[in-house]
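The values are calculated or read from the model by the stated rules, or taken from the named source; none is laboratory data. Just so it is clear, the model here is predicted, and its values are computed rather than measured. Neighbour counts are summed over all protein chains in view; Cβ atoms, including those assigned to glycine, are modelled from backbone coordinates with ideal geometry. The accessibility values were calculated without ligands, DNA or RNA, using every heavy atom of the protein model including side chains. Shrake-Rupley method; radii C 1.70, N 1.55, O 1.52, S 1.80 Å.
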Amino acid sequence: MIESQAFFSKMVDELVEFSEFDPELSDGIKWLDDQAQKKGITFYDMVFEVLYKHDVNSKAKEWLDTRN
C-alpha cells in the first residue's frame, strides 16, 4: 500500500512540475488546489477524488452502454 501511495504522490508531483510548461495544466492544478483548500483536504486527496470520480463515472457509462 505504501508503494502505491508513493507512486501516486510522485505522479502528482511530476504533473505539478510539468505544469510549468503547460498553461492549461497549470490552470487545472490551481483550480484543484483551490477546491482542496475550500474542502479542507490535501491537494493529493483532491486529485485522488477527481480521478476516482472520473473512473467510476466512466465505468458506469460503459456499463450502461453495454446493457442496451
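Per residue, how much accessible surface does the chain expose to a 1.4 Å probe? Answer in Å², no decimals.
Spelled out: the 1.4 Å probe surface of the chain, per residue, equals 87 Å².
Which one is right for this structure if Cα Rg over 2.2 N^0.38 Å is calculated from it: (i) 1.00; (ii) 1.18; (iii) 1.34? Read-out taken from this structure: (iii).
What is the percent carbon and sulfur in the accessible area of the chain, measuring with a 1.4 Å probe over the protein chains and ignoring ligands? Write out the running numbers ahead of the final one.
Numbers: 3450 of 5880 Å².
Answer for the chain is 59 percent, counting heavy atoms of protein chains only.
Treating the beta-carbon of each Lys and Arg as +1 and of each Asp and Glu as -1, no other charges, what is the dipole magnitude of the chain about its Cα centre, to the nearest 20 debye?
On the way: 8 positive and 15 negative charges, 100 e Å.
Once rounded to the nearest 20, the dipole reads 480 debye.
For the chain, the tally of Lys pairs with Cα-Cα distances below 27 Å comes to 12, considering only residues 8 or more apart or on different chains. A simple rule links phi to the HN-Hα coupling: the Karplus curve 6.51 cos²θ - 1.76 cosθ + 1.60 with θ = phi - 60°, which for region 7-15 gives 4, 4, 4, 5, 4, 5, 4, 5, 4 Hz, with x for Gly and Pro. Sequentially through region 47-52, phi angles give Karplus couplings (6.51, -1.76, 1.60; θ = phi - 60°) of 4, 4, 4, 5, 5, 5 Hz, Gly and Pro residues having no value and appearing as x.
So if each residue of separation counts as 0.36 nm, and I subtract the Cα-Cα distance between K59 and K30, what length gain in nm does that give? Don't jump to the answer; show the numbers that get you there.
On the way: separation 29, 0.36 × 29 = 10.44 nm, distance 2.72 nm.
Computed gain between K59 and K30 is 7.7 nm.
A straight chain from F48 to K10 at 0.36 nm per residue would run longer than the Cα-Cα distance by 12.4 nm.
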